[in-house]
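Heads up, the thing below is written out as structure tokens.
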Amino acid sequence: FFFLLGKGVFFYIMQCGFACLEAGAVRSKNATNIIMKNIMDIFISSVAYWLVGYALAYGDGNAIIGYTHWAGIGIDYGKMAHWFFQCIFAATAATIVSGAVAERCNYIAYIVYSAVISGLVYPPITHWTWTDEGWLKQLGYVDYSGCGPVHLLGGVCSLFGALFIGPRIGKFGNKYKKLEKEDIVGHSVPLSGIGGMILIAGFLAFNGGSIGSMSNPGDEFVIARVIINTILGGSGGSIVMLALCKLGFCGYPAWSFSLTLNAALAGMVSVCAGGDDMAMWAGFVSGAIVAPIYLAIHYFMLRMKIDDPLDAVAVHLGGGFWGLISASLFGYEGIVYGASYESAAKLWFRLVGAAIIIMWGSIASCIMFGLLRYFGKLRVTEEQELEGLDISMHNEPGYPVQGWVIPPHLPSCPPSESKQFLKSSKSFIKHDIEALIRPDKEIAVKPVNGTIKPETEALLKTENETSSKC
């Protein structure tokens, strides 16, 4: 009970990681929008999962669906911890989509797809794969911690979300509107890096806690194996991608941070299906192989002009699908250890499960995003997108201009013996610092040599009036 609650709370930290990773990967004019979506994701998903999601997933029912415990009615107190942990899973499946539609998604569309995915789309798959009566589990589908139900589903929904909403203005240019291709980059690599490291820590709880208990004989060994394989999967993905980048397979030879981070996350995704049934070398190899898979999907998306700012499709769809294959190849009873009918059957059943999840996610996404687009609620207007969602939708800039302007005043007049200090301070401010207010409302501070610009004079007007009284 306490194990699941503790892991669930730690698992929730992944939402902080998603928020920082996404916020840093978008332009500064959309930072508030990203943070707002990630904060509300957990609450919107919790309500949807409480009302209908848990009933569909784990309520008493048949091989297809559960149909008890609507709105939590009748849930035994002993299942409360399980409800909480699974609710965070549902929220994760929904929040993956946020990165694929970033910087142009209408907020009402975000509310709708978060509620629908966590309450209606994700729960039936968990019923099929993780309950004793679920038809995929009865068939022979095995998935330890959500390669299919969480990551593959989230990646499929992300793909169709990006397709239906279209690319950001200027991402690929537009010959009809005479727009040239624009190099759109995120505004803060350090913020994305912090988010990535938080996600890596959260992944350990995500995978380690999926066993559901730690009191049964042997549980502690499974948990340790899963956590170690999760780290090694990320290691394999990041090291191979680092080498590919430096060797020039990703453009100019360099130690690319963003590609390396995403490959590490894809590597950790790739061990979700069989992390409890892999040797340490298998975890590393699984992550290493997913790096070129991630890279291929990344460039395929660009070639097809599908705009995915966070590479959600490449990380989660690519990593999730390969993870199901990897578990069948490198598991202790997998094909690598000896080809047999049983090992081939496991691979076949996982591929069948992957096909069902892709089909279910595709149909649900087409209906959901198609209706939102039909009613004009999926994407913001061109004016709102160009202005930035922080101002146009939230009226709350992530980096308000007032917070970056040099204060146009000095402290109260010092004593007469400190007037020399005042003179030198005023001289330093006037002659050594220039504050430039750009059209996009950002501030840059840079040193200049002996030149007083009009912008500086405007900012220091009040200061001059104050100092003249001293």
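Both radii come from the Cα set of region 8-147: Rg as radius of gyration, Rh as Kirkwood radius; their ratio Rg/Rh reads 1.01. Please report Rg over Rh for region 164-250, where both radii come from the alpha carbon positions and Rh follows the Kirkwood definition. Using Cα coordinates only, the ratio equals 1.21.
Summary of packing: across the peptides 52-64, 229-241, 98-110, the per-residue average of other C-beta atoms within 10 Å ranks them, highest first, as 229-241, 98-110, 52-64. A simple count of charges around Val315, restricted to other residues whose Cβ falls under 15 Å of its Cβ and scoring Lys, Arg +1 and Asp, Glu -1, yields -3.
Between beta-carbons, use under 9 Å as the cut-off and find the net charge around Glu385, counting Lys and Arg +1, Asp and Glu -1. Charge balance near Glu385 sits at -1.
Taking Cβ atoms as reference points and 14 Å as the exclusive limit, the residues near Phe221 contribute a net charge of -3, counting Lys and Arg as +1 and Asp and Glu as -1. Averaged per residue, what accessible area in Å² does region 322-406 show with a 1.4 Å probe, protein chains only? I get 55 Å² per residue for this part. Highest mean packing comes first when the peptides 136-144, 380-388, 119-127 are listed by Cβ atoms within 10 Å, giving 119-127, 136-144, 380-388. Rounded to the nearest whole angstrom, the semi-axes of the ellipsoid equivalent to region 91-223, taken from the Cα gyration tensor as √(5λ), stand at 36, 20, 12, largest first.
Let me check against my output: what whole-number percent is the relative contact order of region 89-234, with C-alpha pairs under 8 Å and at least 6 apart?
21
Roughly how many percent of the accessible protein surface of region 200-245 is carbon and sulfur, given a 1.4 Å probe and a whole-percent answer? Answer for region 200-245 is 75 percent, counting heavy atoms of protein chains only. Put simply, when 3-15, 209-221 are sorted by average Cβ atoms within 10 angstrom per residue, most first, you get 3-15, 209-221. Computed from phi, the 3J(HN,Hα) profile of region 33-40 under the Karplus parametrisation 6.51, -1.76, 1.60 (θ = phi - 60°) reads 4, 5, 5, 4, 5, 6, 5, 6 Hz, with x in place of Gly and Pro. Ignoring ligands, DNA and RNA, what percent of the accessible area of region 16-154 is carbon or sulfur (1.4 Å)? Using a 1.4 Å probe with all protein chains present, region 16-154 comes out at 74 percent carbon and sulfur. Of the chymotrypsin sites (Phe, Trp or Tyr not before Pro) in region 335-405, the ones in a loop by DSSP (not H, G, I, E or B) with at most 12 other beta carbons within 10 Å are Phe375.
Taking all protein chains into account, the per residue accessible area for region 1-77 stands at 42 Å² (1.4 Å probe).
Could you give the Stokes-Einstein D for region 1-74 in µm² per second, using the C-alpha Kirkwood radius, 20 °C, 1.002 mPa s? Answer, rounded: 149 µm²/s. Pairs of Cα atoms nearer than 8 Å and 6+ residues apart set the relative contact order; for region 26-137 it is 37 percent.
The values are calculated or read from the model by the stated rules, or taken from the named source; none is laboratory data. Not measured: the values here are computed from a predicted model. Glycine also receives a Cβ, built like all others from the backbone with ideal geometry; neighbour counts cover every protein chain displayed. Ligands, DNA and RNA are excluded from the accessible area calculation, which covers all protein heavy atoms including side chains. Shrake-Rupley method; radii C 1.70, N 1.55, O 1.52, S 1.80 Å.
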